[in-house]
Amino acid sequence: MFKKALFLMAIISVVAACSSSDEGSGNNNDDFDRTALLTNLSNNIIVPVYQDLNTKLADLVTQKNVFIAEPNQVNLEAFRTSWYNAYKVWQSAEMINIGRAAEINYVFQMNIYPTNVSDIQNNIQSQNYDLAHVNNNDAVGFPALDYMLYGLAENDADLLGFYTTNSEAPKYLAYTSDLTDQMNALTQDVTSSWSSYAQTFINNSNNTATGSINKLVNDFIYYYEKGLRANKIGIPAGNFSATPLPDRVEAHYRSDVSKALTTEAVTAVKDFFNGNSYNGSASGESLASYLDYLNTIKNGEDLSTLINNQFDTAQSKIDILDSNYILQINTDNTKMTEAYDALQMAVVLLKVDMLQALNISVDYVDADGD
């Protein structure tokens, strides 16, 4: 009888421990309206982001055509402004790697940096290239246009010479034109796909590895961890190398906008997490409200609040950086690494605590040891 009593007590202890460890975390059987969450994300964030990006890319093509017809300083500046306006919107789109975007490797064809100058120059000289080929991922998109608009020469007069007086000016004009048209075509493809894909996305509300929420949450965290934390701050600051790598900053040839692009990205991440509509004041069901519904508490505080506070802390560290990340790295890199550390603090909250609460497994391989 004594052994039986001990056995029963052991079972009770295990059950109690499991119940205690599960307190505040999600499960497959919660009654949260996942369809409402997906509807808000689709209708008020994802589709409007793509529509705006599509509009900005169409304008980029317009300004490119004007520049190609008459490559002068005025038209160059208008082309550059259009590039920057589209690049800012891209910061809200890059995390949405689902549906058609995933099928065509959209992200890899739009924002792989640093761009590969050798590949670009080889393409220009040969005039025999497939911009959609994987080998050209680092020779296309926003970073490649950054080089074509700012990096060909030290000053604008010499840069314009590549498009006017240079013996191979037609080749430079052709490549710049093809780059821009490719970005526009890809964006049109992804944007138009949501007219039919949106309902499929919303209907797939089950909590499985192939469910829309599970896939999108993984994309969101992957982007935050890699695209934002590592690529924009950590790699240039030297967090993954023996020395800083200032040549790895986003918008390297127009580096005085690197900070602005990061700020756009942090704002986009926070709005996505909180279900705030794109270019609007409305909000709906979100990852934050899902965590609140599950009453997810960590150290006595709502997990959604902890995540938002860490986003704000990271932004405050970014706010004090120089607008030009190359200058910041070369003069006071400590501030860059502190911004990285602040961004990193949210990775644990998102990748461990939030995924555990939502009962979602990580679907990508973490290769940088964090």
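The values are calculated or read from the model by the stated rules, or taken from the named source; none is laboratory data. As the structure is a prediction and not an experimental result, all values here were calculated from the model. Every residue, glycine as well, gets a Cβ built from its backbone with ideal geometry; the counts of neighbours run over all protein chains shown.
Within segment 282-304, the residues that satisfy the criterion of being in contact with a Leu (Cβ under 9 Å, 6 or more places away or on another chain) and of a type in the set (Ser, Thr, Tyr) are 286, 289, 290, 296, 304. Which pairs do you get when a residue that is basic (Lys, Arg), found in segment 89-103, comes within reach of a residue that is surrounded by fewer than 24 Cβ atoms within 10 Å (Cβ to Cβ) and in a helix (DSSP H, G or I), reach meaning Cβ atoms under 6 angstrom, with the pair 6+ apart or on two chains? Hits for this filter: 100/190; 100/193. Scanning segment 328-338 turns up one or more residues that are assigned by TED's automatic domain parsing to the domain that holds residue 269, touching a residue at least 60 places away in the same chain (Cβ under 8 Å) and not polar (S, T, N, Q). For beta carbons closer than 8 Å, sequence separation of 6+ or different chains, a first residue in segment 152-175 that is over 11 Å from residue 71 (Cβ atoms) and a second that is among the small types (Gly, Ala, Ser), the qualifying pairs are 153/161.
Residue 260 meets the conditions (1) under 17 Å from residue 111 (Cβ atoms); (2) surrounded by 19 or more Cβ atoms within 10 Å (Cβ to Cβ) in every case but one. The failed one is (2). Of the residues making up segment 248-267, those that are assigned to a helix (DSSP H, G or I) and among the acidic types (Asp, Glu) number 2. Take the conditions surrounded by fewer than 20 Cβ atoms within 10 Å (Cβ to Cβ), without any contact (Cβ under 8 Å) to a residue 60 or more places away in the chain and either farther than 21 Å from residue 57 by Cβ or in contact with a Gly (Cβ under 7 Å, 6 or more places away or on another chain) (or both) and apply them to residue 116. Does it pass? When the stated conditions are applied, residue 116 does not pass them.
When segment 227-247 is filtered for residues that are in contact (Cβ under 8 Å) with a residue 40 or more places away in the chain and not in a loop (DSSP other than H, G, I, E, B), the ones remaining, listed by number, are 227, 228, 229, 230, 231, 233, 234, 236, 237, 246, 247. Assessment of segment 228-243 against the conditions (touching a strand residue (DSSP E or B) at 6+ places or on another chain (Cβ under 7 Å) and either within 30 Å of residue 155 (Cα to Cα) or surrounded by 19 or more Cβ atoms within 10 Å (Cβ to Cβ) (or both)) yields no matching residue. Restricting attention to segment 230-277, the residues being of a type in the set (Phe, Trp, Tyr) and closer than 20 Å to residue 307 by Cα number 2.
Consider segment 168-221 and keep the residues that are over 20 Å from the mean Cα position of the chain (by Cα) and of a type in the set (Phe, Trp, Tyr). The one that is farthest from residue 360 (Cα to Cα) is 172.
Taken together, the criteria place residue 270 among residues that are closer than 23 Å to residue 51 by Cα, in contact (Cβ under 8 Å) with a residue 24 or more places away in the chain, assigned to a helix (DSSP H, G or I) and touching a Phe, Trp or Tyr at 6+ places or on another chain (Cβ under 7 Å). Kindly establish whether residue 359 is under 18 Å from residue 260 (Cα atoms), more than 21 Å from the chain's Cα centre (by Cα) and assigned by TED's automatic domain parsing to the domain that holds residue 272. It is false that residue 359 is under 18 Å from residue 260 (Cα atoms), more than 21 Å from the chain's Cα centre (by Cα) and assigned by TED's automatic domain parsing to the domain that holds residue 272.
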